[in-house]
Amino acid sequence: MTTTVPTAAAAYWEPLWSQGRRYRQPDDTENRLLEQYLGTGRDRPALDIGCGDGPLTRRLAQLGFRTTGIDCSPSAITLAAAQDPGPGIVPIWQCMDFTADDLGTLPDPAYAVITCRLVYRWIDDKAAFLDRVRRLLAPGGTFWVVAEVTGRRPATDPLQGLGITPVQAELLTARWSGVHTADLDVLRCYALRP
């Protein structure tokens, strides 16, 4: 596990994680979709951006990927590293802000799979973020994104506007040769291929 200098993102997320805030875990349906679109890992490298306490990183490792989970919150990385991923599974946990830190510090120069679960909505400069993802994605790889879609919650729900807008979704799906989506309640899963 490695750490870096705190960024603005870390200044926001670290207090939430350190005070015990937890976030929606992938359910069986989401995990089945992940396996359907990504297949088995065959020891190919996978990068989970904004891994939090690591459920998606561990799931990728269970599918046979050689996984690295990154998050800008040191507390989230500590929680992730403290959980037993299962026999023979050894994810790498790295504290870093994907949008600001040197990507050269990652253990692999390119990744067969890059995931981003419930993170894309929070990225300020989405175009720059997507450019960084494209630079790290290996030829033939998959960028797996799970995001809440604005307007799917009831109008009375205070989190009704939490998701990504149609414009943000359009930016996310532009410039990919393959775009596949699947809806799960308020969430949409995207499998994006170069």
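The values are calculated or read from the model by the stated rules, or taken from the named source; none is laboratory data. All values derive from a computational prediction rather than experimental measurement. We place every Cβ from the backbone using ideal geometry, glycine too, and count neighbours over all the protein chains shown. Note: areas computed on protein heavy atoms with side chains; ligands, DNA, RNA excluded. Shrake-Rupley method; radii C 1.70, N 1.55, O 1.52, S 1.80 Å.
Overview of results
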item: Filtered residue count, the stretch 180-194, keeping only those that are free of Cβ contacts under 8 Å to residues at least 40 places away in the same chain and open to solvent by 60 Å² or more (accessible area, probe 1.4 Å); result: 3
item: Complete set of residues in the stretch 116-131 that are touching an Asp or Glu at 6+ places or on another chain (Cβ under 9 Å) and open to solvent by 60 Å² or more (accessible area, probe 1.4 Å); result: Arg121
item: Complete set of residues in the stretch 148-179 that are among the polar types (S, T, N, Q) and open to solvent by less than 70 Å² (accessible area, probe 1.4 Å); result: Thr150, Gln160, Thr165, Gln168, Thr173
item: Residue tally, condition over 17 Å from the mean Cα position of the chain (by Cα) and either over 24 Å from Ile114 (Cβ atoms) or modelled with pLDDT of 95 or more (or both), over the stretch 146-164; result: 11
item: Unique match (being of a type outside the set (Lys, Arg) and buried (at least 16 other Cβ atoms within 10 Å of the Cβ)) among Val113, Val90; result: Val113
item: Strands (runs of 3 or more DSSP E) enclosed by the stretch 78-163 - at least 2 residues per element that are touching a residue at least 40 places away in the same chain (Cβ under 8 Å) and more than 26 Å from Pro15 (Cα to Cα); result: 111-117, 137-148
item: Members of the stretch 164-186 that are among the small types (Gly, Ala, Ser), within 26 Å of Thr67 (Cβ to Cβ) and not in a loop (DSSP other than H, G, I, E, B); result: Gly178, Ala182
item: Filtered residue count, the stretch 66-81, keeping only those that are under 16 Å from Ser18 (Cα atoms), open to solvent by 20 Å² or more (accessible area, probe 1.4 Å) and not hydrophobic (A, V, I, L, M, F, W, C); result: 3
